[in-house]
Amino acid sequence: MISNDECRAIYSQLRDDIEAQRLASVGLDLDRVFTTASERARAYTAKLLTRSLDVLHVAAAQLTRCERFVSADDRQLALAKSIGLNVVDIKRSRRGPRM
């Protein structure tokens, strides 16, 4: 659980990132996302122990052709890397997440 102050700080960062165009809203074809996620789950879940939301996040990133997949979740990162996405592990980056 996060505090109200932490929630406000995260929301503020998100708003700043959208305004600075570091993040952009994209449309998703949910049928394609779920189909792609299902294919990735069959191919990688037994090996990587990915969870359903991990696979959905990675499938959405793949379909939107994101330039970098940023996460702190080891399973998401392993799957993203396995399918060829450029991954950034914020736990291991020098600066870490902004807060």
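Here's how it looks for V70: its modeled amide H is under 5 Å from those of V88, which are all 5 or more places away or on a different chain.
Against the main long axis of the alpha-carbon atoms of the chain, helix 4-19 sits at an angle near 80°.
Once the Cα-Cα distance is subtracted from the 0.36 nm per residue extended length, the R15 to E67 segment shows a gain of 16.7 nm.
Relative to the Cα centre, what is the charge dipole magnitude of region 28-89, using +1 at the beta carbon of each Lys and Arg, -1 at the beta carbon of each Asp and Glu, and rounding to the nearest 20 debye?
Values: 9 positive and 8 negative charges, 35 e Å.
Charge dipole, region 28-89, about its Cα centre: 160 debye, nearest 20.
Peptides 47-59, 63-75 ranked from most to least packed, by the mean per-residue count of other Cβ atoms within 10 Å: 47-59, 63-75.
Shape of region 28-89 from the C-alpha gyration tensor: oblate (a/c of 1.5 or more and a/b not above b/c, with a ≥ b ≥ c the square roots of its eigenvalues).
Hey, what number do you get for the chain at 222 nm if only DSSP H runs of n ≥ 4 count, each worth -39500 (n - 2.57), divided across all residues, to the nearest 500?
-18000 deg cm²/dmol
The angle separating the long axis of helix 52-63 from the principal Cα axis of greatest extent in the chain is about 90 degrees.
Here, each number is a calculation from the coordinates, and none is a lab measurement. None of these values were measured; they are calculated from a predicted model. Using ideal geometry, Cβ is built from the backbone for each residue, glycine included, and neighbour counts are taken over all protein chains shown.
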